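First comes the structure, then the notes that go with it.
The values are calculated or read from the model by the stated rules, or taken from the named source; none is laboratory data. Source: prediction; values computed, not measured. Quick reminder, even Gly has a Cβ in these numbers, built from the backbone with ideal geometry, and neighbours come from all protein chains shown. The accessibility values were calculated without ligands, DNA or RNA, using every heavy atom of the protein model including side chains. Shrake-Rupley method; radii C 1.70, N 1.55, O 1.52, S 1.80 Å.
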Amino acid sequence: MDLGLTDCTAFVAGASKGLGRAAARELAQEGCRVALCSRDEGRITKAATAIEADTEGEVLPLVCDVTDEEQINTAIDETIDAFGDLHVLVTNAGGPPSGAATELDPADYRDAVELNLMSTIALCDAALPHLRTAAAEDDHARIIMVTSVSAKQPIPTLALSNTARAGVQGYAKSLAEDVGPAGITVNTVLPGYTRTQRLEDLAEDIEDRTGQSRAEVEAGWSEENALPRIGEPDEFAAMVAFLASARAGYITGAAFPVDGGRSKHVL
Ligand SMILES: NC(=O)c1ccc[n+]([C@@H]2O[C@H](COP(=O)([O-])OP(=O)(O)OC[C@H]3O[C@@H](n4cnc5c(N)ncnc54)[C@H](OP(=O)(O)O)[C@@H]3O)[C@@H](O)[C@H]2O)c1
């Protein structure tokens, strides 16, 4: 299938490793010019260099903490300066710490909302003028937000994630209505347990709390899935690339789990 991404520009946040990096690589592979950001210059430059070598694409590493609106505005400006346009925005950041609802205090919830919800809103705000231009000029403008299976089916030990992701899902649905008439699509991708540093960190946390071995922790995750295994970042990235593509022009306001069948809802 030709995804029609050649000569498009994408901005991928939180992309020095894990799901963001896999999404950036997949978009570059499909022919996008890709700007990608993280908080650390060394890590994001290394990721960009590897993606460029792998895909022979045009890749721009940017240092940007997505909890800082000024840094977001600068990063989007730098993307436009380098590439001239923007068609695809992928919002992403790290995950908040684990913990049950009553183990956490209001400051933890505020931080999680800043990290996962407010960053999404600020990224969209900064990108939207350019996405509107792209939609008007060549009918291709996409926003894809990375959330979590915890948005559909809360995970008891991830109260911060459960709370902040629900906000992102509500925002995505609202934004899709608002920008639909301009031709911009807005969708969310909900990863299940996928092999990244974040998953490593969560596994260590559970090992410490419960005394379980790594194999037991992973087996516990896998057996909740219809496909009883941990996912790979590339499997997640394929969904992002499809939603970013020209082929996904009539899909908006929708939430797509990539979770090996972990969510048990009928719809
Ligand atoms: N992996 C899973 O199984 C899974 C499942 C459900 C949901 N998720 C969610 O999906 C998202 C990505 O997960 P992941 O597994 O790829 O996480 P990860 O391996 O921890 O990677 C997170 C990425 O985000 C960057 N980042 C973190 N905070 C940032 C900030 N404030 N500003 C800019 N960049 C920032 C990190 O780069 P720097 O450190 O270089 O800044 C890194 O590149 C997270 O929100 C996670 O909770 C993951």
Next item on the list: State the number of residues belonging to segment 145-164 that are under 24 Å from Tyr250 (Cα atoms) and in a helix (DSSP H, G or I).
Entry: 2
Checklist line | The listed residue being open to solvent by 20 Å² or more (accessible area, probe 1.4 Å), modelled with pLDDT of 95 or more and touching a strand residue (DSSP E or B) at 6+ places or on another chain (Cβ under 9 Å), out of Leu89, Leu5, Leu60 | finding: Leu60
Next item on the list: Could you tell me which numbered condition Tyr193 fails, if it satisfies all but one of (1) within 20 Å of Gly18 (Cα to Cα); (2) away from the ligand (no atom under 12 Å from the Cβ); (3) of a type outside the set (Val, Ile, Thr)?
Entry: (2)
Check: Does segment 67-79 contain any residue that is crowded, with 24+ Cβ neighbours inside 10 Å, closer than 26 Å to Tyr193 by Cα and modelled with pLDDT of 95 or more?
Finding: no
Note to self: Every residue in segment 1-32 that is within 12 Å of Ala48 (Cα to Cα), out of contact with any Asp or Glu (no Cβ under 7 Å at 6 or more places or on another chain) and away from the ligand (no atom under 12 Å from the Cβ), please.
What the structure shows: Ala28
Item checked: Answer from Glu114, Glu137 - the residue that is surrounded by fewer than 20 Cβ atoms within 10 Å (Cβ to Cβ), part of a helix (DSSP H, G or I) and within 13 Å of the ligand (Cβ to nearest atom) -> Glu114
Next item on the list: Assess whether Ala93 counts as being small (Gly, Ala, Ser) and part of a helix (DSSP H, G or I).
Entry: no
Checklist line | Selected residue (criterion: nearest to Ala255 (Cα to Cα)) from residues of segment 173-190 that are more than 16 Å from the ligand (Cβ to nearest atom), open to solvent by less than 30 Å² (accessible area, probe 1.4 Å) and of a type in the set (A, V, I, L, M, F, W, C) | finding: Val186
Next item on the list: Read through the list (1) under 26 Å from Glu103 (Cβ atoms); (2) outside any strand (DSSP E or B), then give the number of the only condition that Gly180 fails.
Entry: (1)
Notebook entry, point to check: So which of Ala166, Ala219 ends up being in contact with a helix residue (DSSP H, G or I) (Cβ under 7 Å, 6 or more places away or on another chain), over 30 Å from Asp85 (Cα atoms), open to solvent by 30 Å² or more (accessible area, probe 1.4 Å) and within 16 Å of the ligand (Cβ to nearest atom)?
Noted result: Ala166
Checklist line | Qualifying position, being under 19 Å from Gly95 (Cβ atoms) and in contact with a Ser or Thr (Cβ under 6 Å, 6 or more places away or on another chain), among Val146, Val168, Val217 | finding: Val168
Note to self: I'm checking my understanding of the structure. Among residues of segment 33-72 that are in a loop (DSSP other than H, G, I, E, B) and closer than 22 Å to Phe242 by Cβ, which one is farthest from the ligand (Cβ to nearest atom)?
What the structure shows: Glu56
Next item on the list: Give segment 94-116 a look and list any residue that's among the small types (Gly, Ala, Ser) and more than 16 Å from Pro154 (Cβ to Cβ), or say none.
Entry: Gly94, Ala107
